[in-house]
Amino acid sequence: MTRSSLPAYLATATLARSATESAGPALLVAAIATIGSATTGSYIVASLTASAAIGGPVVGALIDRSRSPRLGFVAAIAIMAGGLAAIALVLGHIPVPAVMALAVVAGLGYPALTGAWSAQLPKLVPAERITSAYASDAATYSVAAVVAPPLATALVAVSATAPLWLTVVLLVASMVLLRIVPLPRREAGAHPVTLRQDLRAGLGAIVGRVALRR
């Protein structure tokens, strides 16, 4: 990654993480405005976040093994955006369990835009710049967490589902910017470890570290 291309990576990260940070509050507020129940909204949010947590190791392993990581990220963004758009269209019109199922699908794209995206930095940045690159990457989480949730929730004044549409727009914008981030393709046979070994290592890392286990 050249110095001039780092802003493209960070801009994509900021948009994507603004989407992930706003998704939960947007779902909750939209559910309250549409269905009138915070409890129901919390179930929908839990479906999204549980799917993201459980699917994280699988999504990360699949992207690591992909010949074209770019396509993996595009697929993840499309899944999350499609799931949230579907919820915005049907919320209040179909049974809550069906909405929760859509949230589970949307949540599968979540981890690709957080940890899996950060994991691309060592492949893109020279070793002598990796510390500053990680610091800049961490800042995108902070910016997204501060700006996106209140902006999404405020949009409920426009319409009941406007918060969800903001998240969808942020996801689509990050997909557009993804085109200019120089993600390298991987050579065939460059990942000799099996998927099962990858998953075992990932789950072992979670279980073996107190902070991650919590």
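Laboratory data are not the source of any read-out in this text; all were calculated from the coordinates shown. The shown structure was predicted, so the numbers you read here are calculated from the model rather than taken from an experiment. Because the Cβ atoms are built from the backbone with ideal geometry, glycine has one as well, and the counts that use them run over all protein chains shown.
What the table below lists for this structure:
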| item | result |
| --- | --- |
| P(r) histogram, all alpha-carbon pairs of the range 91-165 included - 5 Å bins from 0, percent | 3, 12, 14, 17, 18, 13, 10, 7, 5, 2, 1 |
| In the range 1-110, the trypsin sites (Lys or Arg not before Pro) that fall in loop regions by DSSP, at most 13 other Cβ within 10 Å | 67 |
| Three-way shape call for the range 127-176 based on the alpha-carbon gyration tensor, with the a/c threshold at 1.5 | oblate |
| Whole-number percent relative contact order across the chain, with pairs defined as alpha carbons under 8 Å at least 6 apart | 38 percent |
| Phi to ³J(HN,Hα) by Karplus 6.51 cos²θ - 1.76 cosθ + 1.60 over the range 73-83, Hz, x for Gly, Pro | 5, 4, 4, 4, 5, 5, 5, 5, 5, x, x |
| Cβ crowding within 10 Å averaged over residues, with 148-154, 75-81, 164-170, 136-142 ranked highest first | 164-170, 75-81, 148-154, 136-142 |
| Principal axis dimensions, largest first and in whole angstrom, of the range 71-214 by Cα | 48, 35, 32 |
| Size of charge dipole - the chain - debye, nearest 20, with Cβ of Lys, Arg +1 and Asp, Glu -1, no other charges | 540 debye |
| P(r) tail fraction, the range 1-159 - alpha-carbon pairs more than 25 Å apart, % | 33 percent |
